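The values are calculated or read from the model by the stated rules, or taken from the named source; none is laboratory data. Please read these numbers as outputs of a predicted model, since none were measured by experiment. Counting neighbours? That spans all protein chains shown, and the Cβs are built from the backbone with ideal geometry, glycine included. These area figures cover heavy atoms from the full protein model, side chains too; ligands, DNA and RNA do not enter into them. Shrake-Rupley method; radii C 1.70, N 1.55, O 1.52, S 1.80 Å.
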Amino acid sequence: MSVFEHHEFDGHEQVVFCHDADSGLKAIIAVHNTNRGPALGGCRMWPYASDAEALTDALRLSRGMTYKSALAGLAMGGGKSVIIGDPRKDKSEALFRAMGRFVASLGGRYTIAEDVGISVADVDLMGEETQYVGGATKGGVGDPSPATAYGVFMGMKAAAAHKLGRDSLRGLRVAVQGVGHVGYYLCRYLAEEGANLIVADIAQDSLDRAVKEFGAEVVAPEAITAAEAEIFAPCALGAVINDETLPLLQAKIVAGSANNQLAEARHGEALRQRGILYAPDYVLNAGGIIIISHEGPGYDEAKAFAHVAEIRDTLAEIFRRADAAGLATSEAADRLAEERFRRTAAKARPDRSAAA
Ligand code: NAD
């Protein structure tokens, strides 16, 4: 398994393999790019079938964070970590303390936060060992999901304005795949706006809550991509836009929080060809990382959420650029991000930076 020859290797600055015999921790931290500032990115805990699979995820996800931070206007770079293990069975205090010490050993080049399989409580434990944690209870904003949902909601508005010529989502049908942390808060914003919700989830309690609180219509998980709706909002899994689902999509807009929604890069162009406006996932779901970047003693929630709302303007610019150049929106977003992080020659700073 070569790192430098790996198909997901993209000039990553640093890849750290972490092992702690006492706790059984096996993890990988990948720092992709720190041109704009120290790397920030969540930690994913997953029962990877092999180390190779974990490495692939760490390389791919950390690169994505560089693009995300650049388009979110943060003075931060991209990094990500993965813990190899089952989040339902393998968590322990010792494991997260060990992970926290590995993060500390990087001296601020990488700040860790929540991702799939990692809770605020886990981040709190890591925060006992290092100051370089985001989204912790102590001195942090806690669960970033409400901010992520707010960013998705604002991004949806940009998409509706561009594609449907309307500023409000009132009366539109939005099909939400996954009503977990982000999906739930997104439904709340949408319901307040007067949108009609169609939801799917594999967890019955999450569905029940969406029905009870928002009057959502429920469809089976396998039916949500083909739901009759103007907007499809993937808020569960990656790779949901693929060769099988593409022909089924009824929506005119795809806009949701899930990471890596396109199974392959070419699916961005395939959406464009079908006349479906895609709001690139990493632009839309940056709300959590944006408020984490505002954490600190002078944290101002209104200011942080106003920064999240800028996702709307960033997306509008991406849509305009994509149209002007005849490009997929995913490609236009990547190009704009690359302009921003390649141009910045600032040296990495060991301290946590405030948002730009
Ligand atoms: P979550 O685990 O709380 O919610 C995901 C939901 O999807 C769960 O309710 C789960 O039961 C459901 N689900 C799983 N498989 C499904 C299927 N096949 N069909 C329908 N529903 C299914 O996770 P979350 O924090 O809400 O994050 C959702 C997505 O957004 C993830 O891809 C995550 O990486 C991404 N994201 C989250 C944040 C954040 O702030 N939480 C930030 C950026 C990106």
Exercise for review: Check whether at least one residue in region 202-225 is basic (K, R) and either away from the ligand (no atom under 15 Å from the Cβ) or not assigned by TED's automatic domain parsing to the domain that holds N285 (or both), and report yes or no.
Suggested key: yes
Check your understanding: Do the conditions hold for G127, that is, is it at pLDDT 95 or above and on the phi > 0 side of the Ramachandran plot?
Key -> no
Review point. For region 26-138, list the helices (runs of 4 or more DSSP H) that sit wholly inside it and hold at least 2 residues that are of a type in the set (V, I, T); which are they?
Key: 51-71, 120-127
Revision key, fill the gap. Checked region 106-123 for anything open to solvent by 10 Å² or more (accessible area, probe 1.4 Å) and within 12 Å of the ligand (Cβ to nearest atom); matches are E114, D115, V116, G117, I118, S119, V120
Review point. Within region 141-162, can one find any residue that is more than 27 Å from D281 (Cα to Cα) and away from the ligand (no atom under 11 Å from the Cβ)?
Key: no
**Study point:** Pairs with Cβ under 9 Å, 6+ apart, first in region 271-298 and without any contact (Cβ under 8 Å) to a residue 12 or more places away in the chain, second more than 16 Å from the ligand (Cβ to nearest atom) and among the hydrophobic types (A, V, I, L, M, F, W, C)
**Key:** Q273/A328; G298/A354
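Matching residues to (1) of a type in the set (S, T, N, Q); (2) closer than 26 Å to Y132 by Cβ; (3) buried (at least 18 other Cβ atoms within 10 Å of the Cβ):
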{"residue": "I291", "(1), (2), (3)": "no, yes, yes"}
{"residue": "E295", "(1), (2), (3)": "no, yes, yes"}
{"residue": "Y299", "(1), (2), (3)": "no, yes, no"}
{"residue": "F305", "(1), (2), (3)": "no, yes, yes"}
{"residue": "A316", "(1), (2), (3)": "no, no, no"}
{"residue": "F319", "(1), (2), (3)": "no, no, yes"}
{"residue": "T329", "(1), (2), (3)": "yes, no, yes"}
Exercise for review: Restricting attention to region 49-76, report how many residues are within 14 Å of I292 (Cβ to Cβ), out of contact with any Phe, Trp or Tyr (no Cβ under 7 Å at 6 or more places or on another chain) and either among the aromatic types (F, W, Y) or crowded, with 22+ Cβ neighbours inside 10 Å (or both).
Suggested key: 5
Practice item. List the helices (runs of 4 or more DSSP H) that sit entirely inside region 235-321 and contain at least 3 residues that are modelled with pLDDT of 95 or more, more than 14 Å from the ligand (Cβ to nearest atom) and farther than 26 Å from I202 by Cα. Key: 266-273, 301-309
Review point. Only one of these conditions is not met by A263: (1) over 19 Å from the mean Cα position of the chain (by Cα); (2) of a type outside the set (D, E); (3) open to solvent by 10 Å² or more (accessible area, probe 1.4 Å). Which number is it?
Key: (1)
Check your understanding: If you go through region 243-253 one residue at a time, do you hit one that is of a type in the set (A, V, I, L, M, F, W, C) and open to solvent by 30 Å² or more (accessible area, probe 1.4 Å)?
Key -> yes
Review point. For region 163-201, which residues satisfy the criterion of being open to solvent by less than 40 Å² (accessible area, probe 1.4 Å), more than 9 Å from the ligand (Cβ to nearest atom) and part of a loop (DSSP other than H, G, I, E, B)?
Key: L169, L172, G194, A195
